[in-house]
Amino acid sequence: MSLIKEKIDLENVPQHVAIIMDGNGRWAESKGRERTFGHKSAIEAVRNTINACNEIHIPYLTLYTFSSENWNRPENEVNTLMNLLSETLLLEADEIFSKGLKMHVIGDVEKLPELVKEQLFNVIELTKNNTRGNLILALSYGSHKEILSAVKSIGEKVKTGEMEIADITERVFEKHLYTKKFPAVDLLIRTGGEMRVSNFLLWQIAYAELQFLELYWPDFTKDIFFQCILDFQNKERRYGKTGEQIRNEQKILEQS
Ligand code: IPE
Ligand code: IPE
Ligand code: MG
């Protein structure tokens with residue numbers, strides 16, 4: 001039993017957690033191993049995170065698995081990552097299904113190798129009626145491209161007269177992003193020590209709490225995740241208001 005988990009207020013967990021799983025290569029190099037060993041070792045951390053989310057009922061988890069910029073890595077590393085991805089999807093499909101998770105993918109999926117696409121669509125199909133939680137893989141994902149494609153499809157609708165410029169509200173814009181079915185990100189975690197967002201969910205993290213951890217992704221555990229949730233729960237999210245306003249609103253809510 002995790003003592004850290006016990007402290008979490010289950011009524012107040014973030015609805016959407018997004019994770020930049022960084023540091024696999026450096027983790028392996030620090031052990032005198034090939035970078036690809038780090039990617040293989042990352043799977044256990046992914047499994048732990050999915051389980052931890054499931055245990056405390058976080059409804060949306062987005063994992064940054066491969067960025068649009070990661071295509072520029074050496075061919076051998078890209079191939080290893082793609083093979084690992086299709087193998088893992090095949091091996092974990094039943095587990096994802098039995099946990100009640102519905103899988104989604106965001107990104108330029110067309111660029112992925114056929115085998116990966118096939119496994120992805122198998123898991124998406126298998127889990128499409130699940131309702132306990134949503135597991136979103138960001139694959140070949142880049143936020144700039146996502147935003148540009150939203151702009152283009154809105155532009156197209158204006159051009160054909162389906163939409164007026166005045167109709168383009170924030171809500172309408174969001175409905176043209178890959179994440180249209182998901183709520184905004186409440187908590188963004190990045191492992192690996194870098195304080196940057198690397199083209200990840202730029203629109204969606206506008207009011208997210210950001211947590212940057214020094215440790216490398218393969219060392220990420222359930223308890224570290226639970227600690228991130230606790231730290232999140234200790235933040236006052238003010239959305240531009242004053243702390244006093246927020247506390248008064250909270251009081252009114254508790255009284256009603
Ligand atoms: C994250 O780890 C995994 C991917 C980007 C696919 P890295 O491979 O970026 O590891 P570092 O940052 O080089 O250590
Ligand atoms: C971000 O990590 C992408 C993923 C974790 C999938 P990178 O390692 O690609 O980010 P940079 O290049 O250090 O910004
Ligand atoms: Mg990296």
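Points worth noting:
- Residues considered: L187, L215. Of these, the only one that is at pLDDT 95 or above and touching a helix residue (DSSP H, G or I) at 6+ places or on another chain (Cβ under 6 Å) is L187.
- Candidate set: region 183-196, residues that are among the aliphatic types (A, V, I, L, M) and within 12 Å of the chain's Cα centre (by Cα); chosen: the one farthest from ligand 3 (Cβ to nearest atom): A184
- Within region 1-55, being away from ligand 3 (no atom under 14 Å from the Cβ), in contact with a Lys or Arg (Cβ under 7 Å, 6 or more places away or on another chain) and closer than 15 Å to L215 by Cβ holds for one residue alone: N48.
- Of the residues screened, E209 is one that is open to solvent by 30 Å² or more (accessible area, probe 1.4 Å) and in contact with a Phe, Trp or Tyr (Cβ under 6 Å, 6 or more places away or on another chain).
- Pairs meeting the criteria (first residue in region 10-24 and within 22 Å of H57 (Cβ to Cβ), second residue within 16 Å of ligand 1 (Cβ to nearest atom) and in a loop (DSSP other than H, G, I, E, B), beta carbons under 9 Å, at least 6 apart or on different chains) are A18/F200; A18/L201; I19/T191; I19/F220; M21/T191; M21/G192; M21/F220.
- Given (1) among the β-branched types (V, I, T); (2) more than 30 Å from K180 (Cβ to Cβ); (3) within 14 Å of ligand 2 (Cβ to nearest atom), number of the condition I4 does not satisfy: (3)
- Odd one out for R190 among (1) among the basic types (K, R); (2) under 27 Å from K5 (Cα atoms); (3) more than 16 Å from ligand 1 (Cβ to nearest atom): (3)
- Once region 201-256 is narrowed to residues that are among the aliphatic types (A, V, I, L, M) and in contact (Cβ under 8 Å) with a residue 24 or more places away in the chain, the residue that is farthest from V17 (Cα to Cα) is L215.
- Residue in region 151-182 that is farthest from Q204 (Cα to Cα), counting only those that are of a type in the set (K, R) and open to solvent by 80 Å² or more (accessible area, probe 1.4 Å): K159
- Of all residues in region 117-150, those that are in contact with a Leu (Cβ under 7 Å, 6 or more places away or on another chain), in a helix (DSSP H, G or I) and exposed (fewer than 13 other Cβ atoms within 10 Å of the Cβ) total 0.
- Residues of region 192-219 satisfying the condition of being among the hydrophobic types (A, V, I, L, M, F, W, C) and in contact with a Gly (Cβ under 9 Å, 6 or more places away or on another chain): F200, F212, L213, L215, W217
The values are calculated or read from the model by the stated rules, or taken from the named source; none is laboratory data. Values in this document were obtained by computation on a predicted structure and should not be read as measured data. Note that we place each Cβ from the backbone using ideal geometry, even for glycine, and neighbour counts take in every protein chain shown. The protein model used for the area step is the full one, side chains on, heavy atoms only, and it has no ligands, DNA or RNA in it. Shrake-Rupley method; radii C 1.70, N 1.55, O 1.52, S 1.80 Å.
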